[in-house]
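Working notes, structure below.
The values are calculated or read from the model by the stated rules, or taken from the named source; none is laboratory data. Quick caveat, the model's predicted, so the values are computed rather than measured. For neighbour counting, all protein chains shown are included, and Cβ atoms are generated from backbone atoms with ideal geometry for every residue, glycine included. Keep in mind that these areas ignore ligands, DNA and RNA; they rest on the heavy atoms of the full protein, side chains included. Shrake-Rupley method; radii C 1.70, N 1.55, O 1.52, S 1.80 Å.
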Amino acid sequence: MKIANLINKKLLGLKYRRTRKEELHKANELVNTTIPEVLESFENFKKNGQISSDRQPIKGYDLWTVLERRKPRFIVELGSGTTSAVFASWANRNGAKYVSHESHDGWHKVTTESIGNIPLKNDSEIRYIPSVTNSSETATHFSEPIPEGADFVYIDGPPCKLESGKKVPNEDIIHFFETGARPKTIVIDGRVETADLIREHKAGKEYDFYPSFNYSILRNFELHKMSVTDHSVFELK
């Protein structure tokens, strides 16, 4: 089994590098010709010291393709950053509402400044909302819940590492499930523990799961089930 896993990882790595080159070409074409305002925001993030800007424009292209496929009406982003530019631009162009929760006041300022060239429309906003660790220290969440009606939830916050160094999942989406909500699309950037939490929850069985490259590697997926995408995606069946 270990040998098979090693072979799978090597083969997936080769596929990832090849696909990465193709995706970079498509990503550059998108931000240069179709959404230049997003490219400008990416540059602003670099100037403001946002470390995830190094993953652009491929990360943004990966996200844009999901948005184009699912056509959400109300996007909620948990944890702001360079993806905020993608969401703001797509929401403006498609008449969707977009709300972002950011737990760090400094990064909230960086995000609002960096996407200042993309005026927010349709009651969209980026909110500063502190984070909370639950009493058992097994998960984190924002101090305000995911807004009612969200049909697309992006999870990249709040911070998942406790002071002890332990990494824990974000449980906001579980709280949302418990209200009866079933957003059509849930997208996760990294956060393997959060993807595991959703997969293990009874509501998670109502979704098709498409793992990211990172998740595929860390959870030793069989080669035919592996992916080279930047994000893990749950889509309501």
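Name the residues in the stretch 78-109 that are part of a loop (DSSP other than H, G, I, E, B) and not hydroxyl-bearing (S, T, Y), would you? Matches in the stretch 78-109: G79, G81, G95, A96, H104. Within the stretch 80-103, at least one residue is of a type outside the set (G, A, S), over 25 Å from R182 (Cα atoms) and open to solvent by less than 60 Å² (accessible area, probe 1.4 Å). Here G116, G190 are screened, and the one residue that is among the small types (G, A, S) and on the phi > 0 side of the Ramachandran plot is G190. Scanning the stretch 55-91 for residues that are over 18 Å from Y207 (Cβ atoms) and among the basic types (K, R) turns up R55, K59, R73. Consider G81 against the criteria (1) in contact (Cβ under 8 Å) with a residue 24 or more places away in the chain; (2) farther than 13 Å from D156 by Cα: it satisfies all of them except one. Which criterion is unmet? Condition (2) is where G81 drops out. Inspect all residues belonging to the stretch 115-133 and state whether any of them is within 16 Å of the chain's Cα centre (by Cα), crowded, with 17+ Cβ neighbours inside 10 Å and assigned to a strand (DSSP E or B). Yes, the conditions are met somewhere in the stretch 115-133. For the stretch 188-197, does any single residue satisfy the condition of being modelled with pLDDT of 95 or more and under 17 Å from R70 (Cβ atoms)? Yes, because at least one residue in the stretch 188-197 is modelled with pLDDT of 95 or more and under 17 Å from R70 (Cβ atoms). The numbered conditions (1) farther than 25 Å from Y98 by Cβ; (2) open to solvent by less than 70 Å² (accessible area, probe 1.4 Å); (3) at pLDDT 95 or above are all true for N220 except (3). Highlighted here would be strands (runs of 3 or more DSSP E) found entirely within the stretch 146-212 that include at least 2 residues which are of a type in the set (A, V, I, L, M, F, W, C) and either surrounded by fewer than 21 Cβ atoms within 10 Å (Cβ to Cβ) or without any contact (Cβ under 8 Å) to a residue 24 or more places away in the chain (or both), but there are none.
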